[in-house]
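Q: Below is the structure I would like to discuss, written out as structure tokens.
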Amino acid sequence: GERGWSRSPVEFPMKSLFGSLAAVLLAAAVVPAQPPKVEPDPLPDAPKVDAKNAHVALSPDKTFLIEQTPDKKFVRVLVACEVCLREGPLEVFLTKKGTKEHESILRTSVDAKLIHAALEAAEATPGKPATFLNDKLMPDFKPATGAKIKVLVYHKQKDKFVATPAQEWIWNSKKKEHVKVDWVFAGSQLLKDMDNPKAEPFYGANSGEIISVSNFPYSMLDLPIEISKDDATLNYEVKTDKIPPLFSKVWLILEPVRGNK
């Protein structure tokens, strides 16, 4: 034409538009394969350290047990729990349902105060939670004290049930290793309601710190080493390849180490 067009001014753009549309439709038709849905594991039958022992139910639904020997000694406490975190940083290992699930591997609906009482029935002596200040309100860290408690998780692994030390579910990314120490029975604290002095005191661990990774003043069980909140968030994380599917039910086993008050 008079402006030098060798073809209609709309012919090339329309072909280009249809080609682009076809490419978009083709890409939309290729849907990436979705990973298969992994079903959570149901709660297994509660284990016994000895077949002759008995389980005494401490709750009506039998999700809170204490193991008793034939000579009537209590040896282990068992708490039904649920996996609530499979990856990410940790501050606690076991939390109360509705509190710190975003930074804890397991959660339970059992009252932490009752777990404390069951541990005492199993002859574990509580000590004191970690402290961070001395009498002069100066920084002075003192680790938690109390009876040493072996913490195990009884869960399904492939086609069998195993009792795994809880430490193997926690990874120290800085040291490239699992936690190496046992928890101690710090015993948390009873907190009075200043607005209602006659009310039953609140057991501090029910705020979320039933079994802690970081040091908290309300921990029921704590590691007897210094791990600040920032240190825990930066360096301690879930060992994802060890953890059952999300919402799987497991038994948490708390076994006082005998001869260690």
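The values are calculated or read from the model by the stated rules, or taken from the named source; none is laboratory data. Everything numeric here is computed off the predicted structure, so don't read it as measured data. Every residue, glycine among them, receives a Cβ derived from its backbone with ideal geometry; neighbour counts consider all protein chains shown. When the accessible area is computed, the model is the full protein with side chains, heavy atoms only, and any ligands, DNA or RNA have been set aside. Shrake-Rupley method; radii C 1.70, N 1.55, O 1.52, S 1.80 Å.
Q: Given the options Leu190, Leu254, name the one that is closer than 26 Å to Ala46 by Cβ and at pLDDT 95 or above.
A: Answer to the check: Leu254.
Q: Quick one: in region 232-261, which of the residues that are closer than 19 Å to Val179 by Cβ and out of contact with any strand residue (DSSP E or B) (no Cβ under 8 Å at 6 or more places or on another chain) is most open to solvent (accessible area, probe 1.4 Å)?
A: Asp241
Q: Tell me, please, whether a residue that is in a helix (DSSP H, G or I), open to solvent by less than 50 Å² (accessible area, probe 1.4 Å) and in contact (Cβ under 8 Å) with a residue 24 or more places away in the chain can be found in region 119-137.
A: There is at least one residue in region 119-137 that is in a helix (DSSP H, G or I), open to solvent by less than 50 Å² (accessible area, probe 1.4 Å) and in contact (Cβ under 8 Å) with a residue 24 or more places away in the chain.
Q: Moving on to the next point. Could you please give the count of residues in region 176-198 that are in contact (Cβ under 8 Å) with a residue 24 or more places away in the chain and either among the acidic types (Asp, Glu) or assigned to a loop (DSSP other than H, G, I, E, B) (or both)?
A: 7
Q: I'd like the residue in region 199-234 that is among the aliphatic types (A, V, I, L, M) and assigned to a helix (DSSP H, G or I) and, out of all such residues, is nearest to Leu94 (Cα to Cα).
A: Ala205
Q: Another one. Here are the criteria: (1) touching a Leu at 6+ places or on another chain (Cβ under 6 Å); (2) in contact (Cβ under 8 Å) with a residue 12 or more places away in the chain; (3) open to solvent by 20 Å² or more (accessible area, probe 1.4 Å). Tell me which single one Ile211 does not satisfy.
A: Every condition holds for Ile211 apart from (3).
Q: Does region 218-231 hold any residues that are open to solvent by less than 50 Å² (accessible area, probe 1.4 Å) and touching a residue at least 24 places away in the same chain (Cβ under 8 Å), and which are they?
A: Selection gives Ser219, Met220, Leu221, Asp222, Leu223, Pro224.
Q: Now for a different question. From the list Val75, Val56, Val38, exactly one residue is in contact (Cβ under 8 Å) with a residue 60 or more places away in the chain and under 24 Å from Glu255 (Cα atoms). Which is it?
A: Val75 is the lone residue from the list that is in contact (Cβ under 8 Å) with a residue 60 or more places away in the chain and under 24 Å from Glu255 (Cα atoms).
Q: Within region 144-170, restricting attention to residues that are at pLDDT 95 or above and assigned to a loop (DSSP other than H, G, I, E, B), which residue is nearest to Trp251 (Cα to Cα)?
A: Among them, the one singled out is Ala147.
Q: Going through region 180-202 one residue at a time, which ones are crowded, with 23+ Cβ neighbours inside 10 Å and more than 13 Å from Lys148 (Cβ to Cβ)?
A: Gly187, Ser188
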